[in-house]
Amino acid sequence: MSEGAVKKEEKPRKFQAIRGTRDVLPPETSLWNRVEQTAHEVFGTFGFAEIRLPIFEPTDLFARAVGADTDIVSKEMFSFTDPANVIKTLVQDALQAGLGVDMKNFEQAFQSSIEEKVQFISLRPEATASVCRAYIEHGMQQLPQPVKLYYMGPMFRRERPQKGRYRQFYQIGAEVLGGSDAPAIDAEVIEMVMTFFDRLELQGVQLSVNSIGCRDCRPKYVELLRAELLKVKDKLGPDSQRRIDTNPLRVLDSKVKEEQSIIEKLPRIGDHLCKECADHYAAVKRELDLRGVKYRENWRLVRGLDYYMRTTFEITAQGLGSQDAVCGGGRYDGLVELLAGPPTKGIGFAIGEDRLILSLQESGKAPVAQGRDVYIAWMGENARATGVRAAKTLRNAGFRVELPPVEQKFGKALGQADKLGAKYALILGDNEVTSGEWTLKTLADGTQRKVSEQQLIADLKKM
Ligand code: HAM
């Protein structure tokens, strides 16, 4: 029996979506489509074009870009290896070189080559690393700079699932790569996402901004922070204690209640920025004011990915509980270089689409199920052919049509039309077919009228 085949005597097993993944069902999917369509439109008006990226990439890409010590890379990635491919390649290489291949002792003989060539692959936990990889791979530095790209699709992180936090979740993101690091670029990227939220009428939107300095000033601040944290180490929980070593900035992210008063007394990065970073941050805020974008400053906003420098921002919205960050982003000059590309400026953001949808639903923006426009109730062989023709004409004119596949009594058909929320029933019996005068029933009030085949579309459009 082939692998994966089901033994006859086995009871069929009921399957469920894996923990942290879920199905998005209609009518909710129409809200997702509206959100995505709005993103295409709004981002387009800011000169962004869509990029479609692979769902999996070399593990090392994320380790390098996001940071090996981050929670995302160290704990949350879905990773696997692709040894079969390596073995195949090695066999082909050996055969091509005219060497005999002893399959029995193959693994032993080729152990070191397998280890060397085996691909470590991860489902993408985010897409900024992929966009930078693509920018380098396709020589996009030759294009007019900056290159403005956006993407949407699933991301994967092995987090503890809860409301607004999933293991497969969806992001809509945008990145500006190349050109200068002019503060107007930071402000315009933020303006774009705020315009998008505004267009969707997202409620309770709050933008927080910060600057986390650069390679010159941040390390000095981090050392100062570490020294101060060591003084209060005993009062901190285990996570924060560990982070004093691995990444002291992340302590500022802590939501642990008992740590809050301690954190508030720690030195603030804003007081330790170098002149260039301080000037850049001040200019970003001026540019935001110029665009009428309201923000509040949050010195503790450090973000959980290593690639950020200078501007960082986060946006929260209402109705989301503890997972209320609906968008996060920031500047990442140097990331392209870290991935063996040319020196390149970069800034971008990603919106959590699941959370965006949740917030829209909580504020009453949930779509209602869309019914059919026309239900075709037909009886008799002649009416079947007329029904098929009518359905085609109506659908070509853009109406949502339900044509029952088998004959039904008119009473049953009208009941079905009601259940499907149809606006009209087109009644086709022998009389209608011979006279050419069809019956159109408005289901809301039960009124009926006669329409001719030629007049059907025009009449429906008038109604
Ligand atoms: P991030 O803050 O890790 O940033 O994720 C961005 C957004 O994705 C979050 O604010 C949240 O709305 C959503 N999100 C993250 N994890 C989950 C989850 N497990 N379930 C549901 N939603 C989630 C990034 O990913 C960066 N790549 C953003 C960026 C682009 N920075 C510069 N360019």
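The values are calculated or read from the model by the stated rules, or taken from the named source; none is laboratory data. The structure displayed is predicted, hence computed values, not measured ones. Neighbour counts run over all protein chains shown; Cβ positions are idealised from the backbone, glycine included. Each accessible area value is taken on the protein alone, full model and side chains, heavy atoms only, with ligands, DNA and RNA left out. Shrake-Rupley method; radii C 1.70, N 1.55, O 1.52, S 1.80 Å.
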- line: Within segment 388-439, residues being within 37 Å of the chain's Cα centre (by Cα), within 20 Å of residue 451 (Cβ to Cβ) and not in a loop (DSSP other than H, G, I, E, B) number 8
message: Kindly evaluate residue 201 against the criterion of being on the phi > 0 side of the Ramachandran plot and of a type in the set (D, E, K, R).
response: yes
- line: Selection over segment 116-133 where residues are more than 10 Å from the ligand (Cβ to nearest atom) and touching a strand residue (DSSP E or B) at 6+ places or on another chain (Cβ under 8 Å) yields a count of 7
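From the list 302, 293, which one is in a loop (DSSP other than H, G, I, E, B) and open to solvent by 10 Å² or more (accessible area, probe 1.4 Å)?
293
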field: Matching residues, segment 161-190, being out of contact with any strand residue (DSSP E or B) (no Cβ under 6 Å at 6 or more places or on another chain), part of a loop (DSSP other than H, G, I, E, B), more than 9 Å from the ligand (Cβ to nearest atom) and modelled with pLDDT of 95 or more
entry: 179, 180, 181, 182
message: Taking the condition of being out of contact with any helix residue (DSSP H, G or I) (no Cβ under 9 Å at 6 or more places or on another chain) and either of a type in the set (A, V, I, L, M, F, W, C) or closer than 15 Å to residue 129 by Cα (or both), how many residues in segment 154-184 meet it?
response: 3
query: Exactly one of (1) more than 16 Å from the ligand (Cβ to nearest atom); (2) open to solvent by less than 60 Å² (accessible area, probe 1.4 Å); (3) touching a strand residue (DSSP E or B) at 6+ places or on another chain (Cβ under 8 Å) is unmet by residue 81. Its number?
result: (2)
task: Could you check residue 110 against (1) more than 10 Å from the ligand (Cβ to nearest atom); (2) farther than 23 Å from residue 308 by Cα; (3) of a type in the set (Phe, Trp, Tyr); (4) in contact (Cβ under 8 Å) with a residue 60 or more places away in the chain and say which number it fails?
output: (4)
task: Tell me, yes or no, whether segment 201-216 has at least one residue that is outside any loop (DSSP other than H, G, I, E, B), among the charged types (D, E, K, R), under 25 Å from the mean Cα position of the chain (by Cα) and under 30 Å from residue 356 (Cβ atoms).
output: no
- line: Scanning segment 346-383 for residues that are in contact with a strand residue (DSSP E or B) (Cβ under 6 Å, 6 or more places away or on another chain) and away from the ligand (no atom under 14 Å from the Cβ) gives 372, 374, 375, 376, 377, 378, 383
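Going by the conditions given, is residue 326 of a type in the set (A, V, I, L, M) and in a strand (DSSP E or B)? Give the derivation first.
Values: of a type in the set (A, V, I, L, M): yes; in a strand (DSSP E or B): yes.
Against the criterion (of a type in the set (A, V, I, L, M) and in a strand (DSSP E or B)), residue 326 qualifies.
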task: Any chance you could count how many residues in segment 312-345 are of a type outside the set (Ser, Thr, Tyr), open to solvent by less than 50 Å² (accessible area, probe 1.4 Å) and more than 12 Å from the ligand (Cβ to nearest atom)?
output: 6
task: State whether the residues of segment 287-307 include one that is near the ligand (Cβ under 9 Å from one of its atoms), over 23 Å from residue 134 (Cα atoms) and touching a residue at least 24 places away in the same chain (Cβ under 8 Å).
output: yes
query: Yes or no: residue 401 open to solvent by 90 Å² or more (accessible area, probe 1.4 Å), hydrophobic (A, V, I, L, M, F, W, C) and in contact (Cβ under 8 Å) with a residue 24 or more places away in the chain?
result: no
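Take the residues in segment 256-284 that are of a type outside the set (A, V, I, L, M) and open to solvent by less than 40 Å² (accessible area, probe 1.4 Å); name whichever of them is farthest from residue 180 (Cα to Cα). Before the answer, list the steps.
Of all residues in segment 256-284, those of a type outside the set (A, V, I, L, M) come to 257-261, 264-265, 267-268, 270-272, 274-277, 279-281.
Subset that is open to solvent by less than 40 Å² (accessible area, probe 1.4 Å): 259, 267, 274, 277, 280-281.
On the way: 259: 39, 267: 31, 274: 19, 277: 14, 280: 12, 281: 15 Å.
It comes out as 259.
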statement: Going through (1) without any contact (Cβ under 8 Å) to a residue 60 or more places away in the chain; (2) within 16 Å of the ligand (Cβ to nearest atom) one by one, residue 150 fails only at (1)
task: Report, ordered by the first and then the second residue, all pairs with beta carbons closer than 7 Å, sequence separation of six or more or different chains, a first member in segment 32-58 that is at positive phi, and a second member that is crowded, with 16+ Cβ neighbours inside 10 Å and of a type in the set (D, E, K, R).
output: 47/148
Positions within segment 27-51 being more than 16 Å from the ligand (Cβ to nearest atom) and open to solvent by 60 Å² or more (accessible area, probe 1.4 Å), in sequence order: 33, 34, 37, 41, 45
